[in-house]
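Structure record follows, encoded as structure tokens.
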Amino acid sequence: MSYPYLFKFLVCYAKDPNSNPRRTDPFNGSDVHQHCLNGIVCQTDVNKGTGLGPVPFLVSRYIRRVSYQLADLKSMLFVLLLVSSVHLYAQGPLIDKNGTARFYSEAPVENIEAINDKAVGAIDLSNGSVAVSMLMKDFEFEKSLMKEHFNENYVESDKYPKSTFKGKILDFDARNFSKPGSYVFKVSGELTIHGVTNPLETEIQCQVSNEAIAVTTKFIVAVAKFKIAIPKIVFYNIAEEVEVTASFNFKTNPSK
Amino acid sequence: MRFIFLSLLLIFNVYFLYAQDDLLSQIDQDLDPESVEVSSTFKGTRLINGHSVETRSKKNLTFIISHRFGNIRGGAYEFFGMDGANIRLGLDYAITDKFTVGIGRNSLGKHLDGFAKYRILRQSGGEKQIPVSLTYFGSAAYRTVRTEPERTFQQNLAFTHQLLIARKISSAISLQLMPVWVHYNAVSVLENNDVFAVGVGGRYKIGKRFSVNIEYYHQIQELNPDYFNALALGFDIDTGGHIFQFHITNSAAMIAKGFVGETTDDFFGGNIHLGFNITRNFQL
């Protein structure tokens, strides 16, 4: 495939991914005629309306000129660079900004559940590092006053607005993420809540499909380890250990 | 030359975008919200006697039991005023996060009162800056105590319009300014029908669940020149489902009509009352 042709193909493809540039090629001139549309000289595909469709004549001439210029060595390198940068882009971390984190406190008087569906998670398939960050104020409770007390009295979200986790998948192998299936990995890292950082080792379950990698995890947080004080006299009984679950859906094919 | 420059640019562009080794710092930047609404300017919907800017969120029902005891000067014989307690029982219901209505029954003057409260602005930081929270408070009070000669329905009514302007200066300190207009339908010959006053108040939080509060209403146009301005000092204890507010004040009344215009005791003359509000919240 020659470079001018590749370029034309890219232009056509950008316009309409279903088009066949060979058949509707406006630059070959064979199946194309010129006509006047609203005073603008246009080229239109005679066979059918697929492909580029009406392209203002001047624009098409410009495209043709540029495409010929691309045919030399310089341009070839340039395209290579472009392609390689796209390649690098694909290797950037996968990010899900609408991840879900939920905690559940089971106590004799009252069970408390809170959900944060604005958690941001990231996974880097080049080295197996993972990261999660969320705002404590985004946790929603069944009772609104619980939210206020959670932020004001327990996690002090004015002072410590975020909870974060950063870690690495142990025995990471990128090949595991390229074929569909269900996998379990161990992750080791640091969990920060209420400004206190503790080591955390947990398992993550990964459901790999062609479009996405769905990651879920579940672990127990001992509230005292994060210096979150539970007063002796509270009317909402609060468990000393809280079950945390989180799930993220990383789209590996963003166009879908 | 231009080509080399462009190529270098392209390479470094890519490099800078993706060569950050810390994944967390990359995603962390995305999390800073455009505007952060300031919450918990005050612990309760009442500062002490009057209201605070706070409203409860939708479908929240608050049951408030308030007491103002008799004059502390009654001494041991009156059990420091405990013998002459008056009480207000109230129910507040949040129709939306911003709109609350409430009713109450006061033993003092056998008043029935109803109010509506609307949160107009909420203090916000971040990209969208709103320096203060602003809440409108309007209420009507109906006196049902039997008098001689008997009063008409209209004569027993009094209305209050108030703006509550508050700023949470730090997590510990909040201040509130509260201009208020009280209209009494019927007054005696030498009294004013309209009372204009400016209230100032604030809280200082000591620890996560305890705050010290102050509230003062200064009358610009008084109902009766022999009456006093209402001053109250108190503290809040937040226990989760309950808020306990204990205070001392020179006002025996617990509705605006009473404490703004009809405070008959002099705080600095030692005519003070002990009092408390207890609130219990139910999420319906």
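The values are calculated or read from the model by the stated rules, or taken from the named source; none is laboratory data. The shown structure was predicted, so the numbers you read here are calculated from the model rather than taken from an experiment. Using ideal geometry, Cβ is built from the backbone for each residue, glycine included, and neighbour counts are taken over all protein chains shown. Note: accessible area is taken over every heavy atom of the protein model, side chains too, but ligands, DNA and RNA are not part of it. Shrake-Rupley method; radii C 1.70, N 1.55, O 1.52, S 1.80 Å.
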Item to complete: Skip the ligands, DNA and RNA, and give the accessible area per residue of chain B with a 1.4 Å probe, whole Å².
Response: 49 Å²
Discussion item. As I understand it, the dipole of region A:105-229 uses +1 on the Cβ of Lys and Arg and -1 on the Cβ of Asp and Glu, about the Cα centre. Which of A:VAL184, A:ALA119, A:SER144 lies farthest toward its positive end?
Written reply: A:VAL184
Practice prompt. Straight distance only, please: which aspartates and glutamates reach the Cα of B:LYS59 with their own Cα at less than 19 Å, same-chain residues fewer than 8 apart left out?
Written response: A:GLU113, A:GLU140, A:GLU142, A:GLU148, B:ASP92, B:ASP97
Discussion item. Among B:PHE79, B:PHE246, B:PHE159, which one shows the highest mean-square fluctuation when chain B is modelled as a Gaussian network with alpha-carbon springs under 10 Å?
Written reply: B:PHE79
Fill in: Residue mean of other protein chain beta carbons inside 10 Å, B:83-90
0
Worksheet item: Measuring from the lowest to the highest alpha carbon on each principal axis, how far does region B:130-223 reach, largest first, in angstroms?
Response: 53, 24, 21
Worksheet item: What does the charge dipole of region B:46-273 about its Cα centre add up to, to the nearest 20 debye, if the Cβ of each Lys and Arg holds +1 and the Cβ of each Asp and Glu holds -1?
Response: 1120 debye
Worksheet, complete the sentence: If unit charges are put on Cβ atoms (+1 for Lys and Arg, -1 for Asp and Glu) and the dipole of region B:63-178 is taken about its Cα centre, the option from B:LEU91, B:MET178, B:ALA166 lying farthest towards the positive end turns out to be B:ALA166
Worksheet item: Averaged across the residues of A:127-134, what count of C-beta atoms belonging to other chains lies within 10 Å of each residue's C-beta?
Response: 4
Item to complete: Would you mind giving the total buried accessible surface between chains B and A, with a 1.4 Å probe and ligands, DNA and RNA left out, rounded to the nearest 100 Å²?
Response: 3500 Å²
Discussion item. Quick check on chain B: helices-only [θ] at 222 nm, where DSSP H runs of length 4 and up contribute -39,500 (n - 2.57) each and the sum goes over total residues. Nearest 500, please.
Written reply: -3000 deg cm²/dmol
Response to the item:
Whole-Å distance linking the alpha carbon centroid of region B:94-170 with that of region B:194-225 is 15 Å
Worksheet item: Among the aspartates and glutamates, which have Cα under 16 Å from the Cα of A:LYS168 when same-chain residues fewer than 8 positions away are ignored?
Response: A:ASP124, A:GLU190, A:GLU201, A:GLU203, B:ASP21, B:ASP22
Worksheet item: In whole angstrom, how long is each semi-axis of the equivalent ellipsoid of region A:94-251, when you take the square root of 5 times every eigenvalue of its Cα gyration tensor and sort them from largest down?
Response: 30, 15, 14
Worksheet item: Taking B:LYS168 as the anchor, which aspartates and glutamates have their alpha carbon closer than 13 Å to its alpha carbon, excluding any fewer than eight residues away along the same chain?
Response: A:ASP158, B:GLU37, B:GLU54
Worksheet item: Quick one: in region B:205-281, what % of C-alpha pairs are over 19 Å apart?
Response: 40 percent
Worksheet item: With Cβ to Cβ distances under 12 Å as the rule, what net charge do the other residues near A:ASP117 carry (K, R +1; D, E -1)?
Response: 0
Discussion item. Sort B:TYR227, B:TYR217 by heavy-atom solvent-accessible area, probe 1.4 angstrom, most to least.
Written reply: B:TYR227, B:TYR217
Worksheet, complete the sentence: Rh_Kirkwood(chain B) over Cα pairs, Å, one decimal, evaluates to 21.1 Å
Item to complete: Take peptide A:139-152, look around each residue's Cβ out to 10 angstrom, count Cβ atoms belonging to other protein chains, and average those counts.
Response: 4
Item to complete: Just subtract the alpha-carbon distance of B:PHE244 and B:GLN155 from 0.36 nm times their residue separation and send over the number in nm, one decimal.
Response: 28.5 nm
Worksheet item: To the nearest 20 debye, what is the magnitude of the charge dipole of region A:133-209 about its Cα centre, counting +1 on the Cβ of each Lys and Arg and -1 on the Cβ of each Asp and Glu?
Response: 320 debye
Discussion item. What is the sum of charges, Lys and Arg at +1 and Asp and Glu at -1, for the other residues whose Cβ falls under 12 Å from the Cβ of B:ALA116?
Written reply: +1
Worksheet item: So, counting K/R as plus one and D/E as minus one, what does the shell of residues with Cβ under 14 Å around B:VAL101 add up to?
Response: +3
Worksheet item: Modelled label-to-label distance, B:MET82 and A:ALA107, 7 Å Cα→beta-carbon offset: nm?
Response: 3.1 nm
Worksheet entry | Cα-based helix-to-principal-axis angle, B:2-18 vs chain B, degrees rounded to 10 | 50 degrees
